[in-house]
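Q: I'd like to ask some things about the structure below.
Rule-based calculations on the coordinates, nothing more; no lab input. The shown structure was predicted, so the numbers you read here are calculated from the model rather than taken from an experiment. Positions of Cβ are generated from backbone atoms using ideal geometry, with glycine treated the same way; all protein chains shown enter the neighbour counts.
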Amino acid sequence: MSSHDNRRTFAIISHPDAGKTTLTEKLLLQGGAIHLAGQVKARGAARRARSDWMKIEQQRGISVTSSVMTFERQGITFNLLDTPGHEDFSEDTYRTLTAVDSAIMVIDAAKGIEPQTRKLFEVCRLRSVPIITFINKVDREGRACFDLMDEVADMLALDVCPMSWPVGMGGVFEGIYDLETGKVSRPEGPSREFLGKVDQDVTLPTEVADEMELAQGGYPEFSLEDYRAGNLTPVYFGSALKNFGVAELIDAIARYAPPPRPQPSEQGTIEPSKDEVTGFIFKVQANMDPMHRDRIAFMRLVSGTFKRGMKLTPSGLGKPIAVHSPILFFAQDREIADSAEPGDIIGIPNHGTLRVGDTLSERNDVRFTGLPNFAPEILRRVQLKDPTKTKQLRKALDDLSEEGVIQVFYPEIGSQWIVGVVGQLQLEVLISRLEAEYKVEAMLEPAPFDTARWLKGTDAALKTFADFNKMNLARDRDGDPVFMARSAWDVSYQQERNPDLAFSATKER
Ligand code: GDP
């Protein structure tokens, strides 16, 4: 087994309240990374309290930032990338999913597939990210298991394959039946948790036995190939709160989830076995500590063995930087990385030289593709309360767009800058961070535009377009031309009139 084959880099996708935090906690406990349940949230709260802008998180009880947690079990290194779980999601969430090889989809047994589950699932599907399903909260009264299975199959157009099945739910919950081994894990003690009691050769009541038989016979058999291609999802039932099915879930990731996948680049597919160290930045977090203007760029290692002190060239910079104090994210604390393998995430402290979408490589000869900017769905004009603060505002907007909190558009005509986001919450984060970190008070007003499209074409085609549409032209942070459209109709109208121009809803870097 080569060194990266034992890496599993994954994320949990779910609708708020389905139990992602509870499950994360239990996964880390099983991995021996933390020793007290409750620590994930407590630690989170303590960390959040340190930074002003994160007050939003506390008020809403949500986690805006995503982080990385690494734990080990039976020789496998698991890298769990946390995706922000609020309903209103940002580009951050999408981008994090570009850095994983597989995902766990957590579903509340009483609710089934919810809107957020579905959206995140679609992002995974775009990239053929394989998914293991965990139907949570079976210790409580939920919907019928067959119903839930059918819903996953129908709504997501996936083959489903049950791997376990609850023996009763809610008040009559008796345990989880492993459909492969026929063992039943049973609740113990007054809190009816799973503490390790597993029965073999149990005689199930006829009714239950019939149900198991139906479950076993009524669905396609598990196929590793179909799962890895993203066409089939193995389904586990359990209770994160009571610890049922969590060990089985870890085993499933270890056994079935893919090791680090090759990544597409302009130079062809880069295999993890390639000698050269390469990786890409999928997230930048600025001002983690408001007292220091530090930034951490999160790099997913694609190939090679990274060693501390190594010189890597960021594609956006063109000259090498020495990575002296990279950070690995073990669940307890940040740790300084001495080395990292493909699939691992390292944090690279920097002062703004590293940007989302950058490729880093030893020989500066690779450019990864497929890390898009998404067309914003909400556009707002930024209005300063104190007009003398223009410079500070520009700096702040540039910084925050670099971080992926917002996108910024500078119109060719006029001085009113426009910000774009994919979710409402990002606007609140923007206002709050402008005040806390840049001492800039600003208001957001409706913009006369509905959407934006990146323009690509020959200079001549761009010029013709600009001559007629100066009022609707802007530049993004990189100076690339963007068409600010009043409506979707406006987009198709201009598209028809300018066949030589591409109007793109995403911007690939
Ligand atoms: P998140 O928003 O997805 O991170 O959800 P949380 O992990 O914060 O859980 C939401 C609520 O559901 C909390 O009150 C949890 O205690 C509860 N919960 C999570 N897992 C289970 C479970 O397996 N059974 C029951 N009964 N409650 C659960």
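Q: If you plug each phi of region 457-462 into the Karplus form 6.51 cos²θ - 1.76 cosθ + 1.60 with θ = phi - 60°, what whole-Hz ³J(HN,Hα) values come out, in order, with x for Gly and Pro?
A: x, 5, 4, 5, 5, 5
Q: Straight-line reach from residue 26: which lysines have a Cα under 18 Å away, not including same-chain ones fewer than 8 places off?
A: Straight-distance partners of residue 26: 41, 137, 197, 242.
Q: Under a Cβ-only charge scheme (Lys and Arg +1, Asp and Glu -1), can you give me the dipole magnitude of region 350-449 about the Cα centre, in debye to the nearest 20? Working shown, then result.
A: On the way: 12 positive and 15 negative charges, 47 e Å.
That gives a dipole near 220 debye.
Q: Quick query: amide H of residue 73 versus all other amide H atoms, modeled in the peptide plane; which residues come in under 5 Å with a sequence gap of 5 or more or a different chain?
A: 78
Q: Another question, if that's okay. From the C-alpha gyration tensor of the chain, pull out the three semi-axes of the equivalent ellipsoid (sqrt of 5λ each), sorted largest to smallest, in whole Å.
A: Working: eigenvalues 357, 128, 109 Å².
In descending order the semi-axes read 42, 25, 23 Å.
Q: Between the helical axis of 115-126 and the dominant principal axis of the chain, each derived from Cα atoms, what acute angle in degrees is found, rounded to the nearest 10?
A: 80
Q: Next up: Calculate the length of the line joining the C-alpha centroid of region 478-506 to that of region 165-196, in whole Å.
A: 56
Q: Turning to a different aspect of this structure: How far, in nm, would the chain grow between residue 475 and residue 276 when pulled straight, counting 0.36 nm per residue and subtracting the alpha carbon separation?
A: Details: separation 199, 0.36 × 199 = 71.64 nm, distance 3.55 nm.
Working it through step by step, the gained length comes to 68.1 nm.
Q: I've got another one for you. In the neighborhood of residue 169, defined by Cβ-to-Cβ distances under 13 Å, what is the net charge if each Lys or Arg adds +1 and each Asp or Glu adds -1?
A: Neighbour charge sum, excluding residue 169 itself: -1.
Q: Using only helices, what value at 222 nm comes out for the chain when you add -39,500 (n - 2.57) per DSSP H run of length 4 or more and divide by the total residues, to the nearest 500 deg cm²/dmol?
A: That comes out to -8000 deg cm²/dmol.
Q: Taking the simple approach of a point 7 Å from Cα along Cα-to-Cβ for both residue 321 and residue 223, what is their distance in nm?
A: In this crude label model, residue 321 to residue 223 measures out at 4.5 nm.
Q: Let's test the formula: R0 of 22 Å, r as the Cβ-Cβ distance of residue 17 and residue 439. What FRET efficiency results, to the nearest 0.05?
A: Computed FRET efficiency for residue 17 and residue 439 comes out at 0.05.
Q: Which value, in debye to the nearest 20, gives the size of the charge dipole of the chain about its Cα centre, when Lys and Arg are +1 and Asp and Glu are -1 at the Cβ?
A: Dipole size: approximately 2160 debye.
Q: I would also like to ask the following. Over the chain, what is the percentage of antiparallel beta bridges among all DSSP beta bridges, to the nearest 5?
A: Among the beta bridges of the chain, antiparallel pairing accounts for roughly 75 percent.
Q: Given 0.36 nm per residue, what is the gain on full extension from residue 351 to residue 305 after removing their alpha carbon distance, in nm?
A: Between residue 351 and residue 305, full extension yields an extra 14.1 nm.
Q: For the peptides 173-185, 93-105, 240-252, what is the packing order when you average, over each peptide's residues, the other Cβ atoms within 10 Å and list the highest mean first?
A: Highest-to-lowest ranking by the protection proxy: 93-105, 240-252, 173-185.
Q: Once Lys and Arg get +1 and Asp and Glu get -1 on their Cβ, which of 220, 383, 191 lies farthest toward the positive end of the dipole of the chain?
A: 383
Q: In addition: Show me, for region 131-140, the HN-Hα J-couplings you get by feeding each phi into the Karplus relation (A = 6.51, B = -1.76, C = 1.60, θ = phi - 60°), rounded to Hz, glycine and proline as x.
A: Here the 3J(HN,Hα) series is 10, 9, 9, 10, 8, 9, 6, 6, 6, 10 Hz.
Q: Let me ask another. Below 11 angstrom from the Cβ of residue 193, what's the summed charge of the other residues (Lys, Arg +1; Asp, Glu -1)? Kindly include the intermediate steps, with their values, before the conclusion.
A: Numbers: positive: 26, 186, 192, 197, 242; negative: 139, 188.
Net local charge, residue 193 excluded: +3.
Q: Put a dot 7 Å past each Cα toward the Cβ at residue 460 and residue 363; how far apart are the dots in nm?
A: 3.9
Q: I'd like the FRET efficiency for residue 198 and residue 144, computed as 1/(1 + (r/R0)^6) with the beta carbon distance as r and R0 of 25 Å, rounded to 0.05. Before the final figure, lay out each step's value.
A: Working: r = 25 Å, r/R0 = 1.02.
According to the calculation, E is roughly 0.50.
Q: Starting from the amide H of residue 179, placed 1.01 Å from N in the peptide plane, find each other amide H under 5 Å away whose residue is 5 or more places distant or on another chain.
A: Hits under the 5 Å cutoff: 164, 165.
Q: May I pose another question? Given H placed on each backbone N at 1.01 Å, which residues far from residue 68 in sequence or on other chains put an amide H within less than 5 Å of it?
A: Result for residue 68 returns 82.
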